[in-house]
Each structure stands twice: as structure tokens, then as C-alpha cells.
Amino acid sequence: MELKICHLYPDVLNLYGDGGNIRCLRQRLQWRGMGAEVVKMPIGAKESLAGFDLVFIGGGQDFEQQVLLEDLHRGRDRELLAAVEDGMTILAICGGYQMLGKSYETYDGKRCDFVGALDLHTVGARTRMIGNYLYRVPESLGGFTVVGFENHSGKTRLGPKVEALGTVLAGFGNNGEDGTEGAHYKNVFGTYSHGPLLPKNPAFADLLIKTALERKYGSAELEVLDDSLERMAHDEMCARLERRGK
Ligand code: GLN
């Protein structure tokens, strides 16, 4: 078994080591005797998304989000829409997450019309939401907690067609107001959590791997790995957030 993974827009959407999440996915597949082919698709790439099993999109600042708009609207947007509806497994972080939504209005009034694959929109605020944070995914996704690092000015509001990826336990999440974090729709997982999200949250990594393998092969049982180190990193951050208070 193997997964073909696309790293979309690694040239513009790749903050705080977001790309390390792909290394984590590849390693967890290899530990189980499975392979991963990773293809980078920067601005201008011609290859189609069809044929991939998993798409990863990292975060980027307002500037980079505007830079990629032209390429996005040359057809990548329609392709992403189709892929989402077709059940493609997608992990999108911060700027990449916002990009899958309908639109983003920056704090200084510039408007980006995005993909519209997720029923959500984002409006920039003057005060940035920055820091380590913690959320819990619903029981239907495993009920595990996720530790992450967020840094965004955009406040995201979810529409009725998506559900929240999690409930905020510490930090800001989508907007710092309604207690929601990220979005989940079909096999798309959007989150504000940057950097080494998956290494510190192995349950999340395995959820993505399982979802993609099941779509490709019909079923997938994942061998249990020794995640004691990963769990220590996770628990240490939970304890730190606990000490910080909400
Ligand atoms: N430009 C977006 C914001 O500030 C996304 C930032 C990011 O990806 N870190 O809301």
C-alpha cells in the first residue's frame, strides 16, 4: 500500500515548518511497511490533482495568499472543489485553510475570493491571535485532543454546511469568540494549527492516513505504533497550557 501525497503551493504556503507534517505522514507510513510518493506543486505546476490520495496545504501570510490568487483562479480552484466533493483527504493549515473557504477580507480592506469548497469565510482583525493552543475533536473523529500553535489575524466563521474540527480548550481557534476551531467537511480537515502539528498529535496523523487509505483501498487497519515520545510532547504542551490558564 502507498499514498500519493501532493504538497500544494509549498513555495508560498509553508510557514513555521508546516511541511514537516508531510515528513511525519511519510514516516508513519514507512514504519508500517507502506510507501509515500510526495509531489510538490508550486505556483505554475501543470500536474492535475486527480490521482493523488492526500493533499497538504500549509499556511502563509496575507501577502502570499494574494500572490497565489492568479494561479488559483486559472483552474486550480475548480480542481480543488471537485477533489473535495470526490472525498479527497486534505489537510489545510491557516492560510491554506482560509483559502479553501469562500473569501478572506484582510484587516486593511483587501478582498481575496477563494475556492469556496468549505462553507466558511474569514475577516481580518487588527489584533492577531497568537500562541500555543489546545482543542478537542468530536467523538465521531476520535475525541482526541490536539496541541498546536496559531498565529492569525483572520477570524473565521463557519457556515451550516461544515462542522467545526474541534472545540477550543485553550487559546483562540477560529475567531476567539465562538469556541470553534477549524473545519471538517467530507475528508477535508482545516485547522489554524501550524508547524509540527502531526508529530505532536499522532492520532491526527493516523486519522488522515486511515481516511486516505480507506478511500483508495476500501479498508485499512493501521498497526499500532509506539507513540510514547510523541505522547510526551503532546502531554507536556497540555500541561504547559494548563499552567498558563485559559
Ligand atoms: N493571512 C492569514 C491571517 O493572518 C493567515 C496567516 C497564517 O497562515 N499564519 O489570518
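Taking the residues in the stretch 170-188 that are free of Cβ contacts under 8 Å to residues at least 60 places away in the same chain and open to solvent by 50 Å² or more (accessible area, probe 1.4 Å) as candidates, determine which candidate is farthest from the ligand (Cβ to nearest atom). Steps first, please.
As a first pass, look at the stretch 170-188 and keep what is free of Cβ contacts under 8 Å to residues at least 60 places away in the same chain: 172-181, 184.
Now drop any that are not open to solvent by 50 Å² or more (accessible area, probe 1.4 Å), which leaves 172, 177-178.
Details: 172: 11, 177: 15, 178: 16 Å.
By that ranking, first place goes to 178.
Taking into account only those residues within the stretch 223-237 that are among the hydrophobic types (A, V, I, L, M, F, W, C) and surrounded by 15 or more Cβ atoms within 10 Å (Cβ to Cβ), which is farthest from residue 37 (Cα to Cα)? Step through it out loud before you land on a result.
Filtering the stretch 223-237 for residues among the hydrophobic types (A, V, I, L, M, F, W, C) gives 224-225, 229, 232-233, 237.
With surrounded by 15 or more Cβ atoms within 10 Å (Cβ to Cβ) added as a condition, the list becomes 233, 237.
Working: 233: 27, 237: 31 Å.
Across the stretch 223-237, the extreme among qualifying residues is 237.
So, in the stretch 54-112, of the ones that are of a type in the set (Asp, Glu) and within 16 Å of the ligand (Cβ to nearest atom), which residue ends up modelled with the highest pLDDT?
Within the stretch 54-112, the subset of a type in the set (Asp, Glu) is 62, 64, 70-71, 77, 79, 85-86, 105, 108.
Narrowing the set further to residues that are within 16 Å of the ligand (Cβ to nearest atom) leaves 62, 64, 105, 108.
On the way: 62: 92, 64: 92, 105: 96, 108: 92.
For the stretch 54-112, the residue satisfying everything is 105.
Taking the stretch 189-220 as the region of interest, how many residues are open to solvent by less than 10 Å² (accessible area, probe 1.4 Å), closer than 18 Å to residue 22 by Cβ and in contact with a Gly (Cβ under 9 Å, 6 or more places away or on another chain)? Reasoning before the result, please.
From the stretch 189-220, those open to solvent by less than 10 Å² (accessible area, probe 1.4 Å) are 189-195, 197-198, 201, 204-205, 208-209, 212-213, 220; that's our starting set.
Add one more test, that the residue is closer than 18 Å to residue 22 by Cβ, and what stays is 189-191, 193-195, 197-198, 201, 204-205, 208-209, 212-213.
Among the residues that remain, those that are also in contact with a Gly (Cβ under 9 Å, 6 or more places away or on another chain) are: 189-191, 193-195, 197-198, 201, 204.
Qualifying residue count for the region: 10.
Taking the stretch 126-150, which residues are within 22 Å of residue 114 (Cα to Cα) and open to solvent by less than 30 Å² (accessible area, probe 1.4 Å)?
Going residue by residue through the stretch 126-150, those that are within 22 Å of residue 114 (Cα to Cα) are 126, 128-129, 150.
Once the filter is applied, which keeps residues that are within 22 Å of residue 114 (Cα to Cα) and open to solvent by less than 30 Å² (accessible area, probe 1.4 Å), the stretch 126-150 yields 129, 150.
Kindly establish whether residue 158 is within 16 Å of the ligand (Cβ to nearest atom), modelled with pLDDT of 95 or more and of a type in the set (A, V, I, L, M). Give the derivation first.
Details: within 16 Å of the ligand (Cβ to nearest atom): yes; modelled with pLDDT of 95 or more: yes; of a type in the set (A, V, I, L, M): yes.
Against the criterion (within 16 Å of the ligand (Cβ to nearest atom), modelled with pLDDT of 95 or more and of a type in the set (A, V, I, L, M)), residue 158 qualifies.
So how many residues does the stretch 186-199 have that are within 10 Å of residue 90 (Cα to Cα) and either modelled with pLDDT under 95 or assigned to a strand (DSSP E or B) (or both)? Explain how you work it out, then say what you get.
Start the filter on the stretch 186-199 by keeping residues that are within 10 Å of residue 90 (Cα to Cα), which leaves 186-190.
Right, trim to either modelled with pLDDT under 95 or assigned to a strand (DSSP E or B) (or both) and you get 188-190.
Number satisfying all stated conditions: 3.
Can you tell me which residue within the stretch 106-123, out of those that are surrounded by fewer than 19 Cβ atoms within 10 Å (Cβ to Cβ) and within 19 Å of residue 178 (Cα to Cα), is nearest to the chain's Cα centre (by Cα)?
It comes out as 119.
Residue 50: away from the ligand (no atom under 15 Å from the Cβ), out of contact with any Ser or Thr (no Cβ under 7 Å at 6 or more places or on another chain) and at pLDDT below 95, yes or no?
Numbers: away from the ligand (no atom under 15 Å from the Cβ): yes; out of contact with any Ser or Thr (no Cβ under 7 Å at 6 or more places or on another chain): yes; at pLDDT below 95: yes.
Judged against the criteria, residue 50 is a match.
Take the residues in the stretch 132-155 that are charged (D, E, K, R) and more than 16 Å from the ligand (Cβ to nearest atom); name whichever of them is nearest to residue 93 (Cα to Cα).
Keep residues of the stretch 132-155 that are charged (D, E, K, R), which gives 136, 139, 150, 155.
Applying the additional criterion that residues be more than 16 Å from the ligand (Cβ to nearest atom) yields 136, 139.
Working: 136: 17, 139: 22 Å.
Only one residue fits best here, namely 136.
Say we look at the stretch 4-26 and pick out the residues that are under 18 Å from residue 225 (Cβ atoms) and touching a helix residue (DSSP H, G or I) at 6+ places or on another chain (Cβ under 9 Å); which of these is most open to solvent (accessible area, probe 1.4 Å)?
Let us first name the residues in the stretch 4-26 that are under 18 Å from residue 225 (Cβ atoms), namely 20-26.
Imposing the further condition that a residue be touching a helix residue (DSSP H, G or I) at 6+ places or on another chain (Cβ under 9 Å) reduces the set to 20-25.
Details: 20: 27, 21: 0, 22: 10, 23: 181, 24: 19, 25: 3 Å².
So the residue we want is 23.
The values are calculated or read from the model by the stated rules, or taken from the named source; none is laboratory data. What you see is a predicted model, and the numbers here were worked out from it, not measured in a lab. Glycine also receives a Cβ, built like all others from the backbone with ideal geometry; neighbour counts cover every protein chain displayed. Each accessible area value is taken on the protein alone, full model and side chains, heavy atoms only, with ligands, DNA and RNA left out. Shrake-Rupley method; radii C 1.70, N 1.55, O 1.52, S 1.80 Å.
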